Amino acid sequence: MATKQTIQAAVRARTGSGRLNQMRREGWLPSVIYGRGTENQNLKVHAKTFSEMLTKSSSQNILVNLDIEGAGTRLAFLQAVHRDALSGHPLHADFLAIDENTPITAHIPAHLTGEAIGVKAGGLLEQYIHALEITCLPNDLPETLSFDVSHLQVGESMHVADVTFPEGVRTTHAPSVVIAHVGKQGGGADEAAAATAAAAPAAKK
């Protein structure tokens with residue numbers, strides 16, 4: 001499950017590119033928190049602590065306890081990180097205020113484990129889905145999803161319906177969507193597998 005990170009934050013009044021750049025030089029990362037029917041609140045978080053948090057996490061699906069100076073602690077989901085186009089350094093962070101009892105939606109990286117029987121026989125393993133959209137309560141949020149493909153023979157596929165998700169987690173993708181397929185070397189992509197892999201997430205009820 002995703003680990004909750006605690007990070008110090010403070011309310012900021014400064015806006016405008018010049019003032020925000022000055023804030024960054026002072027070691028702060030401009031940010032904003034929104035959601036749950038509340039007005040957007042401009043914040044600043046310690047840039048070094050934030051970068052360390054990203055480095056230690058295996059994905060950007062991060063739950064954060066924002067310890068806001070003078071305003072208490074708020075549970076949030078890291079919604080987006082805006083980066084400098086050249087250096088890649090974070091310039092701004094968006095946090096979504098959440099409640100522990102309300103489901104959230106996230107895209108979780110999918111990793112394949114094991115060596116497929118079909119690959120040992122000379123086949124080629126192709127992964128069609130690299131991140132799955134899931135919904136769950138915040139405390140059930142996984143950092144990654146791992147699927148064992150060791151049983152796949154040449155010509156076989158792993159569909160969403162074939163895998164087991166962690167307790168409390170469900171996917172929005174249709175059961176027929178292909179996650180991975182073992183094809184013949186040099187035979188090109190399996191058209192049926194490619195078509196179902198491209199299918200949109202299942203309609204929410």
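Values in this text are rule-based calculations from the coordinates and carry no lab data. All values reported here derive from a predicted model rather than from experimental measurement. Neighbour counts run over all protein chains shown; Cβ positions are idealised from the backbone, glycine included.
Of the residues making up the stretch 10-37, just one is touching a residue at least 40 places away in the same chain (Cβ under 8 Å) and assigned to a loop (DSSP other than H, G, I, E, B), namely Arg36. Within the set Asn40, Asn65, the sole residue that is part of a strand (DSSP E or B), touching a Ser or Thr at 6+ places or on another chain (Cβ under 7 Å) and not acidic (Asp, Glu) turns out to be Asn65.
One residue is enough: does the stretch 118-128 have a residue meeting the conditions within 26 Å of Glu26 (Cβ to Cβ), of a type in the set (Ser, Thr, Tyr), touching a residue at least 60 places away in the same chain (Cβ under 8 Å) and surrounded by 12 or more Cβ atoms within 10 Å (Cβ to Cβ)? Within the stretch 118-128, not a single residue is within 26 Å of Glu26 (Cβ to Cβ), of a type in the set (Ser, Thr, Tyr), touching a residue at least 60 places away in the same chain (Cβ under 8 Å) and surrounded by 12 or more Cβ atoms within 10 Å (Cβ to Cβ).
How many residues does the stretch 43-62 hold that are within 23 Å of Thr15 (Cβ to Cβ) and either hydroxyl-bearing (Ser, Thr, Tyr) or part of a loop (DSSP other than H, G, I, E, B) (or both)? The total comes to 2. When the criteria are applied in full, Ala76 meets the requirement of being surrounded by 15 or more Cβ atoms within 10 Å (Cβ to Cβ), among the small types (Gly, Ala, Ser) and assigned to a strand (DSSP E or B). Count of the stretch 81-116 residues, restricted to those that are surrounded by fewer than 12 Cβ atoms within 10 Å (Cβ to Cβ) and among the small types (Gly, Ala, Ser), is 3. Considering the conditions (1) in a loop (DSSP other than H, G, I, E, B); (2) surrounded by 18 or more Cβ atoms within 10 Å (Cβ to Cβ), Ile7 is excluded by exactly one of them, (1). Once the stretch 25-53 is narrowed to residues that are within 14 Å of His89 (Cα to Cα) and out of contact with any strand residue (DSSP E or B) (no Cβ under 7 Å at 6 or more places or on another chain), the residue that is surrounded by the fewest Cβ atoms within 10 Å (Cβ to Cβ) is Arg25.
Taking the criterion of being of a type outside the set (A, V, I, L, M, F, W, C) and either assigned to a helix (DSSP H, G or I) or more than 17 Å from the chain's Cα centre (by Cα) (or both), the residues of the stretch 169-183 that qualify are Pro175, Ser176, His181, Gly183.
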